[in-house]
Amino acid sequence: MPDWLVPFVSICGALLVAVANYLVQRWRYKLDRVSNSVDQFCDEVNEVADLSTVYWLLDASQADQQQSASQIEPQLVGRQMRLQSLVLALSALDGKIDLTRTNMLLIDFYEALTGADFQVAKRSASTELAQLVQSIAAKINGEIRHAVSLRSQRWS
């Protein structure tokens, strides 16, 4: 047996392990980034839903609550734009995640956030819209986590 064979096999084995480790770490890093992005998105959805619930439970026909409602309205519009940006960023992060159902739910969510009597002075409180916003937010959170779960199963 030649003298160089043992060191050569050792180096080849070490290279093989290093490449395998690199690929696994890269896969894990991507999975962690997607999971963190989904967590951030879900947190934002929950915050928007809570803000919208506060908004829809305000009785803007009362002078003291009308000012609060008018202060929340631009925040809701801004948060809606932020959610759109987060979905686009998540799609760019991993283009193979199927966000079709999530995007459809987001349209319903945006309608509930700003629909009905949005920006109407002297509107009354709407418990129905407050409940609807929370319900759709829960569906969005579940749907996007389900989509990521399906995607991670395809990775393995």
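The values are calculated or read from the model by the stated rules, or taken from the named source; none is laboratory data. Here the structure is a predicted model, which means the values were calculated and not measured. We place every Cβ from the backbone using ideal geometry, glycine too, and count neighbours over all the protein chains shown.
Some points to look at:
- If the condition is being buried (at least 17 other Cβ atoms within 10 Å of the Cβ), modelled with pLDDT of 90 or more and touching a Leu at 6+ places or on another chain (Cβ under 8 Å), then the range 114-132 contributes only A130.
- Within the range 12-44, the only residue that satisfies the criterion of being within 17 Å of S149 (Cβ to Cβ), β-branched (V, I, T) and either modelled with pLDDT of 90 or more or surrounded by fewer than 16 Cβ atoms within 10 Å (Cβ to Cβ) (or both) is V38.
- Members of the range 74-113 that are among the small types (G, A, S) and either exposed (fewer than 15 other Cβ atoms within 10 Å of the Cβ) or under 14 Å from the mean Cα position of the chain (by Cα) (or both): G78, S85, A89, S91, A92, G95
- For the range 45-61, the set of residues classified as over 16 Å from Q131 (Cα atoms) and crowded, with 16+ Cβ neighbours inside 10 Å consists of A60 only.
- Qualifying residue in the range 62-73 (condition: closer than 25 Å to S37 by Cα, loosely packed, with under 14 Cβ neighbours inside 10 Å and of a type in the set (D, E, K, R)): no
- Of residues in the range 1-34 being in a helix (DSSP H, G or I) and aromatic (F, W, Y), the one nearest to A89 (Cα to Cα): Y29
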